[in-house]
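S.K.: Before I ask anything, let me first share the structure, which is written out below as structure tokens.
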Amino acid sequence: MQDKLPLTIGHQFDSLLVWTEDKITHGQFIADVLCLAEQLPDAKYVFNLCENRYHFMVGFAAAMVRGQTNLLPPSRSGIEINKIASQHDSNYALLELKQDSISIPQFLWPELNKQPSMDVPMLDNNHLAAIVFTSGSTGEPKPNHKLWRDLIEGTRIAAERFQLEQGQYQIVATVPPQHMYGLETSVLLPWLTGNAVYAERPFYPADIQHSLNNHGGKRVLVTTPVHLRACVGSKLEWPKLEYIISATAPLSKALALDVEQAFQCPVLEIYGCTETGSMASRRTLDGANWKLYPSVRLEQDNQRTFVTAPHLSGEVDLNDVIEITDDTHFQLLGRNADMINIAGKRGSIGDLNQKLQSIQGVEQGVFFQPDSNDATQRLTAFIVAPSVNQEDIIKSLSSKIDPVFLPRPLFKVDSLPYNETGKLTRTALQEFYNKLRR
């Protein structure tokens, strides 16, 4: 590989890159990157907190042009950002609106007035493009260093798997660009493969519907199980898509079937993590097997699973319990942190969640084992189920799971504390539990 590669690779400068009410070409993107790079403060690190996807995209590239590294925190929480900032000297935040809870210098999004450009920046392949933090689903968020060349290669093999390398699609994403899943599918894929992406991040079903109807052509929805469940439950009329990509948590077959019927297209899942990026995929309704991307390999030792690939700096120890089927396929049995042992019986939180969510009337549901010094601490569960009562749900659960795993107590709530990537972190669930127990 060459020492440097251009920011955009092999695309027409007048081809569409981003749309909302306006249409932005690759040439305008390059011009905006160069214009912003001239204005950015001198620093080593930038917290790229832009909510508009195009602003994030331009900011990410402009920081690299200036030789800076993008810090992508697990949330926009001032506490989280200030903590990470204390560990990375010489930093500032790039964002659209001032955030009072952040104690570091803030650079607000400026006016960019340059005409479309053909002067494409060349970027050093070994540049540390980003430090992406894990979501903290199972503990403290951890930093992961991403070189520019590794991001390019990871994006290339993902694009090949989903046939996105030809630049024929319009992507709408409900996930934030700061998350590794969102960064790969809604930022890097568009500017490195020529597919167009919607600049906003729709959240509610009506917003998602509007975004999908806002542009014709071959449309792809990049989303999460939480958003898909809300879309199906909304009973809105959905346009026919080419396919849907889902990640952040496994889809149940029941939900996948409902989604495929509503959108008249296949639902494809991505398996990956912040440490590796995406690394495997499956169509949910085709079975439990995941298919690895080309060049990605799994190895096991003492019940641990390790990933190797040319674009990874070394082997990565996965946090999941995996059963390898053959050289290119595996099954996901659960997360190591999800494995529980109560009264001598082992189980998986993920499996219990699937059974809870399969009960008619349960719109959302999750099991949780609160912090305790007692090894036999009983499980609790939170459900969003307006039309059914706790007693009926416990009765239905008792026919599906071992009695030792029945939740005590079972909380019926209006909503669950999902973060912006559609995940339920252990910290958020513990705080939720403590609040409900008061």
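Each reported figure results from applying straightforward, stated rules to the coordinates on display, with no laboratory input. Here the structure is a predicted model, which means the values were calculated and not measured. Neighbour counts run over all protein chains shown; Cβ positions are idealised from the backbone, glycine included.
S.K.: Of ASP286, ASP338, how do they rank once you tally other Cβ atoms within 10 Å and put the fewest first?
M.R.: ASP286, ASP338
S.K.: With each pseudo-label sitting 7 Å past Cα toward Cβ, what's the ARG66-ASP14 distance in nm, one decimal?
M.R.: Going by the 7 Å Cα→Cβ label model, 3.3 nm.
S.K.: Please list, or write none, the aspartates and glutamates whose alpha carbon is within less than 16 Å of the alpha carbon of LYS345, excluding same-chain residues fewer than 8 places away.
M.R.: List returned: ASP374, ASP402.
S.K.: Right, here's the next one. For the Cα atoms of the chain, what angle does the longest principal axis make with the long axis of helix 225-234, in degrees from 0 to 90, nearest 10?
M.R.: Once rounded, one gets 80 degrees.
S.K.: Let me ask you something else. If I model a spin label as a point 7 Å beyond the Cα along the Cα-Cβ vector, how far apart are those points for ASP286 and ASP392 in nm?
M.R.: Placing both labels 7 Å along Cα→Cβ, they lie 3.8 nm apart.
S.K.: Give me GLU96, GLU184 sorted ascending by neighbouring Cβ count inside 10 Å, so fewest comes first.
M.R.: So the residues, fewest neighbours to most, are GLU96, GLU184.
S.K.: Follow-up question, since we're still on this one. How much length is gained if the chain between LYS142 and TYR204 is pulled fully straight, taking 0.36 nm per residue apart and subtracting their Cα-Cα distance, in nm to one decimal?
M.R.: Answer, rounded to one decimal: 19.4 nm.
S.K.: Please build a GNM for the chain, connecting alpha carbons under 10 Å apart, and tell me which residue among THR20, THR223, THR134 fluctuates the most.
M.R.: Answer for the Gaussian network model of the chain: THR20.
S.K.: Please give the Cα centre distance for segment 391-417 versus segment 77-155, rounded to the nearest Å.
M.R.: Comparing the Cα centres of segment 391-417 and segment 77-155, I get a distance of 41 Å.
S.K.: Something else: Go ahead and estimate [θ] at 222 nm for the chain from helices alone: -39,500 (n - 2.57) per DSSP H run with n ≥ 4, summed, over the residue count, rounded to 500.
M.R.: -8000 deg cm²/dmol
S.K.: Taking 0.36 nm per residue of separation and subtracting the Cα-Cα distance, what length does fully extending LEU406 through LYS240 add?
M.R.: Working it through step by step, the gained length comes to 55.7 nm.
S.K.: So, in nm, how far is label GLU431 from label LEU333 when the simple model puts each one 7 Å beyond its Cα toward the Cβ?
M.R.: For GLU431 paired with LEU333, the spin-label model returns 3.4 nm.
S.K.: Okay, next question. Arrange the following residues from fewest to most other Cβ atoms within 10 Å of their Cβ: ARG408, ARG229, ARG283, ARG219.
M.R.: Ranking ARG408, ARG229, ARG283, ARG219 by Cβ neighbours within 10 Å, fewest first, gives ARG408, ARG283, ARG229, ARG219.
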